[in-house]
Every structure is written in C-alpha cells, then in structure tokens.
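Structure, as structure tokens:
The values are calculated or read from the model by the stated rules, or taken from the named source; none is laboratory data. Since the model is a prediction, treat every value here as computed from it, not as a measurement. Here the Cβ positions follow ideal geometry from the backbone for every residue, glycine too, while neighbour counts run over all protein chains shown. Just so you know, the surface numbers come from the protein's heavy atoms only, side chains and all, with ligands and any DNA or RNA stripped out. Shrake-Rupley method; radii C 1.70, N 1.55, O 1.52, S 1.80 Å.
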Amino acid sequence: MIKYPEYERSILSVASSVLKHFGVSDCPHETLPEFDKLLEKNYKNVVVMLFDGLGVSALEEHLGENDFLRKNLICPVSSVFPSTTVAATTSITSGLSPLESAWLGWDLYFKEIDKTVAVFRNTEQVSREKAADYNVADRFIPVKSIFTRIEEINGKGSAYCVSPFSQFHSKSVKHICRTVKRLSEKRKEKYIYTYWHQPDTAMHDFGVKSEQVHEQILEISREVERLCKKLKNTLVIITADHGQTDGENLYLEDYPELSSMLERTPSVEPRALSLFVKDGKENEFRKEFTRIAGDSFRLFTKEEAFSEGLFGKGVMNKKTDEFIGSFFAVATGNKSLFLKREERIFKGIHAGLTEEEMTVPFIAVEKQKELRKSFWL
C-alpha cells in the first residue's frame, strides 16, 4: 500500500512540538497535538528516543499488544520523505523539512566538487575514498541543530544529544539508557534526544521478520521499560525515523542501455533515485525505466516531485533543487535499484513510499514527580 508523507502529523511535527515547548518561535511547521497536550504538564525532562527502523509494522510483528512499547503507543505518525535516516534524523534534529535542509539521502551530488558524496561518511559514492579535506555536507548544506536553537534561548545544559556519534558516545541501548538517567538528574529543565542504529542494521542484514530483528526489538523494549521505571518528572517519547520492508534488489550494472542515458550515477537512495538524464534522452529513458522497474517505482519529473510536496513545506534550499535530476524515481513496491552487486546484500529496505516504510510510532510514557508524604503529628 502506498503512503505519501503527512508532514502535518510527522516526526517533523514532533520536532516542532519540542521547539515550541522550549520557546523557539521561528519554527513554521505544525506541531503534533498529542505531544503538545503532554508537554502542557511541564515535565522537568523531555526525552525523545529514536530507534532506527522501528516502524509500526515492526512493533506489531515482533511485540505483543501488552508489551511495553506497544501498550504505550499513542498514535502512528508519518516519516518524512525520503523515508531514510539522513532525511528523517536531520528533520527531527533540526526542525526543518527535507525541502529546507537539503539532506535528502545517503548520496548527494555536489556540483561544487563534481562528486557524489555519502554525506554521513564524507566519502565518494563509488570509490568510497575521502571526498574532500573538509566535510562536504557541512560546508554546502549546513544545518543549525535543535539543540543549538534550544540552548540559544534556555542556556547551556538545556539540550543534549545521546548517540554513538555525539559527545555522549553510546555503545548499546543499555548505555544510552544509563546516560539518559544520569542527565535527567541534573537540576535544569532539559531536552534529551537519543539515537540508536537498531533494529535498522539487523533488518538490512537479515530481513524485517528475522529472529535477529526480533531479539533487537525485545532488547529495546526491555531496556526502555527499565529506564522508565527509574525516571522521575520526565516525559519519554519513543519513535523512529522510518520503517522497513523486505525487498528485491536490482542492479544498474545489469542494464547498460539504461545507464548509458544517464549523465552520472543515480544519487540519494536506491529506493528514491535522483536521475540526471542526458538531453534528448528523456522519452527513451522513461520507456526503458518503466520496462525494467515500472511495477515497483513511480517515475516523477523534477517538477512533479516538487509540486506534489514530496519533500515537505517551507522555503526550498537551493541545493535541494540542484540535487534533483530530470527524473526522480520513487519506490512504491518491493524493489530497490543499486549501482552494482556488493558484498553486503540488503534484505530489509527503506526510503520508499510503502506504508511499512512511512509509518512510525509515537509512544509516550509519563513519569510523574514523586510527592513527599506529610503527616500531622
């Protein structure tokens, strides 16, 4: 089933609710009403825990209705598009839509250096060598984080990021939970955001319904439940950047006629492909692409991709416009189009428009402040 992004009820809305709660006024996007209502209680700590790939369909597949995460599910919300970590985590950690941030996906073509760059790793798409002596994405598509925006108003110590890549380096779910507990005990009212790469990594390697994924999700549910039992005066939100679905891989190297019509290799994601087609080859390319992958992809023109609001609302970043080629191929079925066969075969996939990829949970756990008992003597 195809599901288009609903930006007014999305992980971007979650970020907007956080920004509004901490007094950041220059956020134009809609907040999430369910989150706003909880934030009215003015908890000392607001914690948002994001688990990569933990879509609603995965929760329903691997957890029972009375398991901790499922029984605390408030509502499903939408991912952004593309439904992938680069775009989604940038939205939830900046309060910007992909249209505004230009962080669209794993590989982006930068005309300034004439290279397609894996933005999280700062490496070239094909050779995987270092793309430049500086961080290419940070230079050409800089983004102010939600943590900076909150601290500009509330002062140092009012916003924290806990992940394997942050100052509060984390090596496991248990480690993340210990860090959240410690930070929650600081006196100041604060926002704490956490990120963990599972179950996404296991899904890619073993498939969405695998035993390995089952164990990862059980561990997440168990450790978060233990954490919540220890917290006081804290609102904990659990969500995801996107979901996943099991898929079939196609490889561009198997279709030389198709690749010969391209100016450069496809970019963004294997299920959300920016395609720079040679002048005069547009009709021929559309026909050939439809023959090869038309059962699993919708081929948008650049103008259609923007007019249909795939990347959200706001003022378009000029780099977003540059990153989209003459066509943009969006997965609506179970196929992905990789450049070539590699050692790692992706069984679980994401970045497309299926319901499994686009629907993520908004889970809430409230831990009220403990009141001291008083006695009349």
Members of the stretch 78-93 that are open to solvent by less than 10 Å² (accessible area, probe 1.4 Å), in contact with a helix residue (DSSP H, G or I) (Cβ under 8 Å, 6 or more places away or on another chain) and within 17 Å of Leu310 (Cβ to Cβ): Ser78, Ser79, Val80, Phe81, Pro82, Ser83, Ala87, Ala88, Ser91
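In the set Leu262, Leu273, which member is within 21 Å of Ser97 (Cβ to Cβ) and aliphatic (A, V, I, L, M)?
Details: Leu262 fails: within 21 Å of Ser97 (Cβ to Cβ).
Only one candidate passes the filter, namely Leu273.
From the residues in the stretch 115-124 that are farther than 20 Å from Ala305 by Cβ and of a type in the set (Val, Ile, Thr), which one is most open to solvent (accessible area, probe 1.4 Å)? Don't jump to the end; show me each part of the working.
Filtering the stretch 115-124 for residues farther than 20 Å from Ala305 by Cβ gives 115, 117-118, 120-124.
Those still in the list that are of a type in the set (Val, Ile, Thr) too: 117, 123.
On the way: Val117: 1, Thr123: 29 Å².
Among those residues, the one meeting the criterion is Thr123.
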Tally of residues being in a helix (DSSP H, G or I) and either within 18 Å of the chain's Cα centre (by Cα) or free of Cβ contacts under 8 Å to residues at least 24 places away in the same chain (or both) across the stretch 20-41: 4
In the stretch 124-158, the residues that are among the small types (Gly, Ala, Ser) and farther than 29 Å from Phe323 by Cβ: Gly155, Gly157, Ser158
Residues (within 25 Å of Glu30 (Cβ to Cβ) and not in a loop (DSSP other than H, G, I, E, B)) located in the stretch 308-322: Lys318, Lys319, Thr320, Asp321
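Residue-wise test of (1) open to solvent by 40 Å² or more (accessible area, probe 1.4 Å); (2) part of a strand (DSSP E or B).
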| site | (1), (2) |
| --- | --- |
| His175 | yes, no |
| Arg182 | yes, no |
| Val208 | no, no |
| Gln216 | yes, no |
| Glu219 | yes, no |
| Glu225 | yes, no |
| Leu235 | no, yes |
| Asn249 | no, yes |
Test: Tyr255 is in contact (Cβ under 8 Å) with a residue 40 or more places away in the chain, surrounded by fewer than 18 Cβ atoms within 10 Å (Cβ to Cβ), farther than 30 Å from Lys186 by Cβ and among the aromatic types (Phe, Trp, Tyr): no
Some residue of the stretch 94-114 being part of a strand (DSSP E or B) and either at pLDDT below 95 or open to solvent by 20 Å² or more (accessible area, probe 1.4 Å) (or both): yes
